[in-house]
Structures are given as structure tokens and as C-alpha cells.
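Below is one structure, written out as C-alpha cells, with a few remarks after it.
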Amino acid sequence: MFVIKRFTSAAPLLTRNSYNFNRDGKRIPNTFIGPFLRPIIAMGVATVGCFCMWYVSKQARAKETLNTAAESRFVLYQYSNCPFCSKVRAYLHSCGEDFQIVEVNPITKKETKAISDYKKVPLLVADGIQLKESSVITSVLDTHFNTGTPISEVVEWYPAVSTGIEDTNKGKEKLEYPNKYRIMGYDENLHEKMLHEAKWRKWIDNHFVHLISPNVYRTWAEAVTAFDYFTTNGNFSDFEKTYIRYVGAAAMYMIGKRLRKRHNLDRDVRSELYSGLNIWLRAMKGKKFHGGDKPNLADIEMYGMCSAFHGMPSWEDAVQNTKIEKWYNRMERYLKKKSAIGLTSANPTLTSVSTDNAAVSV
């Protein structure tokens, strides 16, 4: 408003009839400058005013969204396509609890900056407590529901311990959660089942998740298709959608190649994906789920990982070459019955994505 005030106060000086001087030193009115500049300056003032009103209303809407989110018991700050966010989201569905989703803009991250210095997602605010790291979040919540202990106390059972190894990306020591895969307070008779569950939760985090990006971004065409989906369902402005669709796709296409090498995957990453899914299915030994007749925590987390690329070309190929679809559909039916907010609304499918890129190739 200060800028506008100064600008408008100067407008009469600029638009007033200015003068030239003849050889005798007499002033000669210049009637061209005033009429010419007046409409231009008026339009400029109007434009600045409209921009300021738009910006203020935008900030007010963002603040209103955050205030609304703060009223919910569980608020998940996420990227809709993030496998780790999908894992936490699947668990929240399985609890039958009402929860709110705040889609974070991955460029500005203004949604999380408003409440935390933590720069990653998922970030779950549960009973006012900020929970980080997807497997820690699900373990804390499962222990909370299992024992009835307040979340503020349960988090003390999952301390972060320094590994003594420097994280080169952050310039800090890496932290580890020794109890990350432990659920507290369960019946001792279920000890073997808990060990089986923890084993496969570790496998999902340490192996399966590394198969997703190299497959989702395997080719340029698949990378663009993925970013069509991400920008359609993510929190992006119109400009960001156009920019990220191609720049982001190109970057992730290259990153997918690097991740394949980092995790020692075969050049045929599809075969690695099929192998991982078959390992998961064989370990069920003919049962409906890893948990038996009902899903356990490993089933729920694996479903979350798969839902992150469900409907994409990599998933369609997996369905054609493995038997993963039957298990996935059983999980989806189970979670739809449990969910308090509706499974589809929290994790939209790829049906809205354009198929215009089908002809694009590397």
C-alpha cells in the first residue's frame, strides 16, 4: 500500500502539463505529455492494486486452509504421488479414523514451512505432535491404537539416535530410529507374527521402494506420463504445471537412471520389478495376505507403495506379468471398508491423465 500511495501521489506531477522553453526563455506548454501519460499511469496503478488484492486474498486462503487443518486430529502433509506418503495414507485409512490431507507444493513448500522447519514429507500432525519418517509414523500410531497410550508418550519410545555417519546432503550426522519397526504392547503369543511383519516392513523400505522410481521414469514417455499425473493431482500453479511437466520429467528420467545404478539394479528394471512383486507374493504361502486372513502392517505399507504408481505404465506391465492384481484388489476392498473419508478421494487414480504422450519415445 505504501508503494501505491507514493506512486499515485507522484502521478499528478508526471501528468501535469510540462513546459519547453523558447530562445527568449519563455515557457511553452507541452500539451502532449499530460494526455499521453495519464491513461498509462492509471492502468499501472490499477494493475498494481489488483495484484496486491489478489496476493492478500491468496495468503488469506492459505492461512484459512492451515487453520482448518489444525482443527483435525490427524493432518497429513504429503505429495500425492510419494510412495512414503502413500504408505502413511494407507495406514490412516486402515484405522478408520477421520483425517485431513494437505497437499504440499513441492517447489515453495509453503504449507509445511508454516508449521515446521522439517523439509520433507510425509509430515503427520497427530494430536498436535509432529511425526516424521513414514515407518516411524505407522509404528507410533499402531502402538498408540494398540495400547491406548497418548501419542505424546508413545513418541518417547521411538528416539532418534545418531549413527555417527555424516549425511553429505545435509552436512549433519545421519539419524536412525532403532525401534522403527517395533510395535509396543502386543500379546507375546503374537511374537512370531510380529517378527514376520517387521521383516517384510524392512524389505519394503530397503528393497522394494528402490524399484519404483527407475520403473516409473524408465523412458522419456513414461516420465512425461507420470508428471501429467503428478501435476494433475498435485498442488501446482498453472505455470508450475507447464514448467514441471517437461523439466521435472527430464530431471527424473536422469535420476531414475542414477538410482538404478546406485541400487545395483539390472538394466531391465521391469524384470526387477516383477521379481520383487513375485518375492512378495510367494512369501504369503497361499494366504490372502501376509497377515493371514486379514492384512497386517506390512500388507498396508506395501499397498501404499504400490498405490503410488498404480495406473501408470509400470503398474500395467506388472499386472500383465505377475499376479499382484488379486492381492492389490483385496487390499483395496479392505481399506475401502475401513476408511472414514473414502479411499478414492485421498488417492485419485490415473484416469484423468492425458494420453497424448503415448507416441513419445526416448
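The values are calculated or read from the model by the stated rules, or taken from the named source; none is laboratory data. Because the structure is predicted, anything quoted here is derived from the model rather than measured. As a convention, Cβ positions derive from the backbone with ideal geometry for all residues, glycine included, and neighbour counts pool all protein chains shown. Heavy atoms of the whole protein, side chains included, go into the accessibility calculation; ligands, DNA and RNA do not. Shrake-Rupley method; radii C 1.70, N 1.55, O 1.52, S 1.80 Å.
Please list, in order along the range 189-202, the HN-Hα scalar couplings obtained from phi with the Karplus expression 6.51 cos²θ - 1.76 cosθ + 1.60 (θ = phi - 60°), rounded to whole Hz, x for Gly and Pro.
Computed from phi, the couplings for the range 189-202 are 5, 9, 4, 5, 5, 5, 5, 4, 4, 5, 4, 7, 5, 5 Hz.
Just to make sure I understand: if all protein chains stay in place, what is the order of 195, 265 by accessible area at 1.4 Å, largest first?
In descending accessible area the options line up as 195, 265.
Once you have a ≥ b ≥ c as the square roots of the Cα gyration tensor eigenvalues for the range 171-227, tell me rounded if a/c is under 1.5, and otherwise prolate or oblate according to whether a/b is larger than b/c.
Cα axes put the range 171-227 in the oblate bin.
Would you mind estimating how fast the range 262-309 diffuses translationally, via Stokes-Einstein at 10 °C and 1.306 mPa s with the Kirkwood radius over Cα pairs, in µm²/s?
The diffusion coefficient I find is 133 µm²/s.
Kirkwood hydrodynamic radius, the range 81-136, all distinct C-alpha pairs: what's the number in Å? Before the final figure, lay out each step's value.
Values: mean 1/r = 0.0836 Å⁻¹.
It is 12.0 Å.
Residues with amide H under 5 Å of residue 173's amide H, sequence separation 5 or more or different chain, H placed in the peptide plane at 1.01 Å from N; which?
Long-range HN contacts for residue 173: 167.
Please give me the summed charge of the neighbours of residue 138: other residues whose Cβ is under 15 Å from its Cβ, Lys and Arg +1, Asp and Glu -1.
Numbers: positive: 87, 89, 132, 180, 182, 201, 202, 338; negative: 97, 133, 142, 197, 205, 299, 301.
In short, +1.
So between residue 196 and residue 254, what do we pick up on full extension, going 0.36 nm a residue minus the alpha carbon distance?
Between residue 196 and residue 254, full extension yields an extra 17.3 nm.
Work out, step by step, the length gained on full extension between residue 109 and residue 132: first 0.36 nm times the residue separation, then minus their alpha carbon distance; give nm to one decimal.
Length gained between residue 109 and residue 132: 6.7 nm.
Taking amide H atoms as placed 1.01 Å from N in the peptide plane, list the residues 5 or more away in sequence, or in a different chain, whose amide H sits under 5 Å from that of residue 100.
Amide H neighbours of residue 100, under 5 Å, 5+ apart: 74, 75, 76.
Rounded to whole Å and sorted largest first, list the principal axis extents of the Cα atoms in the range 103-223.
Sorted largest first, the three principal extents are 51, 34, 32 Å.
How large is ³J(HN,Hα) for each residue in the range 114-128, as worked out from phi by the Karplus curve 6.51 cos²θ - 1.76 cosθ + 1.60 (θ = phi - 60°), to whole Hz, x for Gly and Pro?
3J(HN,Hα) across the range 114-128, in whole Hz: 5, 10, 7, 8, 5, 9, 10, 10, x, 10, 10, 9, 10, 6, x.
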